[in-house]
Amino acid sequence: MQAFDLYAILPELVLLITTCLLLVASVYVRERQPATPGVEQDIFHTPRGVGFVYFFALLLLAYLFFAFFGRLGDVSLLAMNGMFQSDPLSNLLKACSCAAIFVTLVYSKQYLKDRSLFRPDFIVLALLALLGQFVLISGANLLTLYLGLELMALPTYALVAMRHSSEKSVEAGIKYFILGALASGFLLYGMSMLYGITGSLDLLEIFKTVADPRVNHLVMAFGLVFIVAGLAFKLGVVPFHMWVPDVYQGAPTAVTLMIAGAPKLAAFALLFRLLVNTLLPLLGDWQPMLVLLALLSLVVGNVTAIAQTNLKRMLAYSAIAQMGFVILGMLSVFDDHAFSASLFYVVTYVMTTLGSFGLLMVLSRHGYDCETLESLKGLNKKHPWYAFIGLVMMFSLAGIPPTVGFAAKLGVLEALVDAEHTFIALIAVIASLIGAFYYLRVVKVMYFDEPTHEITVTGSGFARALLGLNAILVLVVGMFPATLMTMCLDAMRRTLLGS
C-alpha cells in the first residue's frame, strides 16, 4: 500500500475502526448504580453505554463531514490498484451522506428512546451502512461497487426489522430483504455479463472495451437491461417500486429516514458510476430505458400518493416520483449541465426529506406515532412554528418557490429542454402539478382543520433547533441556489474530465 492509497481511504478506515471500537467499548461502559436494585443490568444496552456511543458517533460524523468537505478541491485519483477512486463527486456525496446521518441520529434520539430502540447496536448498524455508502460512492471496480452495495444494504435490513414487537416492522424487514436480494441478483447478473464480454472488472477498462465498435452489441445490451433493472430496484422507481411503500410504512420512522435519506445519495452514485463512467458509449441504449422508468415513476408515484392517508406511505410514493426527476436529469448534455441537475436534485431532495421525517418524529411521543393526516389536524393552532416547518417541506417537495425544490425541478427541466427533450419536460411539469395536490392537502390539514387530539412536541432542544435550521436552509438555498448549483456542476465536470 502506497502513501496516496492510505490518504484516499483514510476516512473509511477511521469510520471502520472507530465503529468497531465503539461497539466493543459500549460493553464496558456500565451504570454507576443499577437502575433496579437487585436486578442485573444488560451490559449491552445500558443508558450510559448508548450515550457514550451516540456522543462519539456524532463527533465522528462531524469529523468526516469536514474531512470530505476539505477534499472538494482535490484532483481525482485511483487507489488500491484501481479498486477505489477519490474524486470531487465522491467527496461531495460523502460529505452530504455524513451530514444526513448526523441529522438523522439527532432527530431520532427521543423517538428511539420512547420505543426502547436507542441502543448501541442501532447506532453501530447505521455507521456500518454509512461505510457501505462510502465504498459504493468511490467504487472504481465492479467488485467494489457490489461490496459497497451489500455493505450498505445488510445493516439496513437489520434496522428495518429491529422492532421485534411490531409485526409490521418484521414484515417490512422480510420484504426489504427478499426484494433487495432479488435486485442484487439482477445487478450481479448484469455485471457478470459485462465481465464476460469485456474480460475486466475495472470500470475504465470496461469503458474502453464498450467504446470499441467491434464489441458484441447484442450481448452488451442484454447485460445493460439487467443492470438498469437492478438500479431501478435500488432507486425504487416504477415498475420496481413495490417494496418502497411497505418498507417506509412498516419500519420505525427513524429507520425510514435512514432509508429515505443518505442511501439515495449512494444510489445516485451507483447510477452515475455504472451508466456514465462505464457505459457512456451505450448512451443511446440506456437513455430510452431511463425515460420510460422516469415517466412511469412520475405518473404512478404522484397519482397513487393522492389516495394515501398514511403520511409515511404518501412520502414513499412521493419518493418514487422524486426519483423519476433524478433519472430525468441523467438525460442532460455534458457541455451545459454535465448531469449536475440530477446531483443537485438528489442533494436537495435529501435535505427536504430529513426535515419531513424529522417533523414526524418530533410530533411523535411514547405510545403514539405521528403517521396519518389526522395526526396533523390543527397543528398551526397548537404549534405554529412546526406547522410552518411542515409547510416549507411540503412546498419544497411540490416544487413551489421560493423553496429549494423549485430550483431543483427547474434545473432538471432546463437540462431536459437544452437536451431537446421538450415533450418529456412537459409531461414532468404535468405530473408535478398532479403531485402538488397531495402536498397542499397536508398544508390544508395543518392550517385549516380543527385539532382533534392533543399534539405534543418531543425531542431535545438541539433536535428542535436543528429542525428549524433545516427548514431555513431549504428556504435560503431555494432563494440563493447558485452556490450549491455551481458546486455540483464543478464536481461533476471535474469528475468526468478526471481533473
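The set of residues from the stretch 368-399 being assigned to a loop (DSSP other than H, G, I, E, B), touching a Leu at 6+ places or on another chain (Cβ under 7 Å) and surrounded by fewer than 22 Cβ atoms within 10 Å (Cβ to Cβ) comprises just one member, E371. Taking each residue of the stretch 230-243 that is open to solvent by less than 20 Å² (accessible area, probe 1.4 Å) and looking for partners that are among the hydroxyl-bearing types (S, T, Y) and modelled with pLDDT under 85 with beta-carbon atoms closer than 7 Å, six or more apart or interchain, yields nothing.
Exactly one residue out of M152, M162 is buried (at least 18 other Cβ atoms within 10 Å of the Cβ), in a loop (DSSP other than H, G, I, E, B) and either of a type in the set (K, R) or within 24 Å of the chain's Cα centre (by Cα) (or both): that is M162. Of the residues R30, R48, the single one that is open to solvent by 60 Å² or more (accessible area, probe 1.4 Å), modelled with pLDDT under 80, out of contact with any Asp or Glu (no Cβ under 9 Å at 6 or more places or on another chain) and not aromatic (F, W, Y) is R30. Could you count how many residues in the stretch 211-227 are open to solvent by 10 Å² or more (accessible area, probe 1.4 Å), in contact (Cβ under 8 Å) with a residue 60 or more places away in the chain and in a helix (DSSP H, G or I)? Qualifying residue count for the region: 2.
Of the residues making up the stretch 295-319, those that are in contact (Cβ under 8 Å) with a residue 60 or more places away in the chain and closer than 30 Å to A221 by Cβ number 7.
When we screen L92, L125, L72, L78 for residues that are in contact (Cβ under 8 Å) with a residue 40 or more places away in the chain and either closer than 18 Å to A161 by Cα or part of a helix (DSSP H, G or I) (or both), the only hit is L92. If only residues of the stretch 106-138 that are open to solvent by 10 Å² or more (accessible area, probe 1.4 Å) and in contact with a strand residue (DSSP E or B) (Cβ under 9 Å, 6 or more places away or on another chain) are counted, the one that is modelled with the lowest pLDDT is D114. Pairing each residue of the stretch 418-440 that is more than 17 Å from L296 (Cα to Cα) with any residue that is modelled with pLDDT under 90 and open to solvent by 40 Å² or more (accessible area, probe 1.4 Å), provided the two are 6+ apart or on different chains, yields C-beta distances under 6 Å for D418/D336; A419/V333.
The values are calculated or read from the model by the stated rules, or taken from the named source; none is laboratory data. Please read these numbers as outputs of a predicted model, since none were measured by experiment. For neighbour counting, all protein chains shown are included, and Cβ atoms are generated from backbone atoms with ideal geometry for every residue, glycine included. These accessible areas exclude ligands, DNA and RNA; they are computed on the full protein's heavy atoms, side chains included. Shrake-Rupley method; radii C 1.70, N 1.55, O 1.52, S 1.80 Å.
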